[in-house]
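Participant: Quick one: structure below, then a few questions.
None of the figures in this text is laboratory data; all of them are computed from the coordinates on show. Just so it is clear, the model here is predicted, and its values are computed rather than measured. Here Cβ is always computed from backbone atoms with ideal geometry, including for glycine, and neighbour counts include all displayed protein chains.
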Amino acid sequence: MTTSTPQLDRDVDVLRHVIALVEERLPGGWLVEPSQSSAPGRGRGADALIKLVSPQGDDVTLVVEVRKSVVTRDLQSLVEQLRSFAGVADETRVIPLLIARYIPASSQAWLTDQGVSYADATGNMRISLDRPALFLRDVGASKDPWRGPGRPRGTLIGEPPARVVRALVDFEPPFSVPQLVALSGASTGATYRVVEFLQEQALIERAPRGPIETVRWRRILERWSEDYGFLRSNTVRRYLQPRGLPALMAGLAAVQDVRYAVTGSLAAQKWAPYAPPAAAMIYADDPVRLAAELDLREIDKGANVLIATSTFEVVFERTSSYEDVTIVAPSQAVVDLMTGPGRNPAEAQALIEWMENNVKQWRR
């Protein structure tokens, strides 16, 4: 935690700090008025009731729950509690609002899907009202600034989490954790750690001591992209194919003695063509040798071929063929696009849409 980060050790401090942030972001003429309670624990079951008043005099009451920390898997019961508070309030217009010191991205996404407003002390907020009409949206910290060095943050960094994530996405549940160990090739300990982390993030659902029954694979891929990227997680060399990508594809189709797998835009052409690819992204065991076979020229600027040396063996698993060229699985291609430059993120969304509409064609 930096010296500029407020302590906010008490719920009442969190509440006051966040309400001040909301006030700063309200359009001109809007007012915030305490209603019934200004401190957690003193509302009618809720931690606070806050009234927003529009310039025209219309008002809405926010029924507030305050938490210092939020875990996604606990949000369902928390939201049900908030809605029950809203249902018994005397005010005619009552909207649930979750306030916390920090709300992680996975929890923000879950709350957005449920149509629940939220705000945290770092500035992450989404407050949506129909009447009076108001939409506040802002982005704050992407990591919890109050998490000390002695409390390591759960991550999906490294080869074992990559193996588990790819198996969860590539294979249709249900399956037990021992079965997931076999499917992923990760160690038992690493698999259990990833499963526990994803359960906390409400990205998978598992029966008590039972199998994994639900996998929110899109959200898992989005979460994995926070910790893995083609450019940032691998050693990448940059090359030029002067005759363009069609010549590159023709050359790759003839390669036999160097293991490689094409990812990114070129791979996505098989499932969800978006636009003519501008650059190639390739995994290879030996980039220098592959570049020599393809007659590529290594350069610093203006490259149209990126070749990565990956320590992640999983990138070569569950590959397929496109125009006689080996390409990665859709789950790998979409994450590489999510974290790529230029229009790659838009290409990732197009591929995600195809995956959602054609699950039986790619999931095992």
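Participant: Starting from the Kirkwood Rh over alpha-carbon pairs, what translational D in µm² s⁻¹ does the range 235-362 have by Stokes-Einstein at 4 °C and 1.567 mPa s?
Facilitator: It diffuses with D of about 89 µm²/s by this estimate.
Participant: With just the Cα atoms of the range 11-138, tell me how far they stretch along each of the three principal axes, in Å, largest first.
Facilitator: 39, 29, 27
Participant: From zero outward in steps of 5 Å, how is the percent of C-alpha pairs of the range 119-197 spread across the bins?
Facilitator: Final binned percentages: 3, 13, 17, 12, 11, 9, 13, 12, 6, 3, 1.
Participant: What whole-number value in cubic angstrom gives the convex hull volume per residue for the C-alpha atoms of the range 170-320?
Facilitator: About 131 Å³ per residue, rounded to a whole number.
Participant: What percent do you get for the relative contact order of the chain when only Cα pairs under 8 Å and 6+ apart count?
Facilitator: For the chain, the relative contact order is 12 percent.
Participant: Among DSSP beta bridges lying fully in the chain, give the percent that are antiparallel, nearest 5.
Facilitator: In the chain, approximately 70 percent of DSSP beta bridges are antiparallel ones.
Participant: Related question: So for the range 218-267, considering every pair of alpha-carbon atoms, how many percent are separated by more than 17 Å? Walk me through the numbers on the way to the answer.
Facilitator: Working: 660 of 1225 pairs.
Every Cα pair in the range 218-267 considered, those over 17 Å come to 54 percent.
Participant: Counting DSSP beta bridges with both partners in the range 235-362, what percentage is antiparallel, nearest 5?
Facilitator: Details: 14 of 19 bridges.
If I count the DSSP bridges inside the range 235-362, around 75 percent turn out antiparallel.
Participant: Can you tell me which of 174-180, 322-328 comes out highest on packing, and rank the rest after it, using the mean Cβ neighbours within 10 Å? Each step should come with its number before you reach the end.
Facilitator: On the way: 174-180: 16.4, 322-328: 19.1.
My ranking of the peptides, most packed first, is 322-328, 174-180.
Participant: If you don't mind, another one. If you take every residue apart from Q241 with its C-beta less than 10 Å away from the C-beta of Q241, what net charge results, scoring Lys and Arg +1 and Asp and Glu -1?
Facilitator: Local net charge: +1.
Participant: What FRET efficiency do you get for E205 and K68 if R0 is 25 Å and r is their Cβ-Cβ distance, rounded to the nearest 0.05?
Facilitator: 0.45
Participant: Which of the following values of semi-axes √(5λ) of the Cα gyration tensor in Å was calculated from the structure shown: [x] 46, 23, 18; [y] 28, 26, 18; [z] 32, 27, 18?
Facilitator: Checking each listed value against the structure points to [x].
Participant: Amide H of Y322: which non-local residues (sequence gap of 5 or more, or other chain) have their own amide H closer than 5 Å, using H built in the peptide plane?
Facilitator: Correct list: I327.
Participant: Another question, then. For A250 and Q114, what is the calculated FRET efficiency with R₀ set at 56 Å and r taken between the beta-carbons, to the nearest 0.05?
Facilitator: The formula returns an efficiency of 0.65 here.
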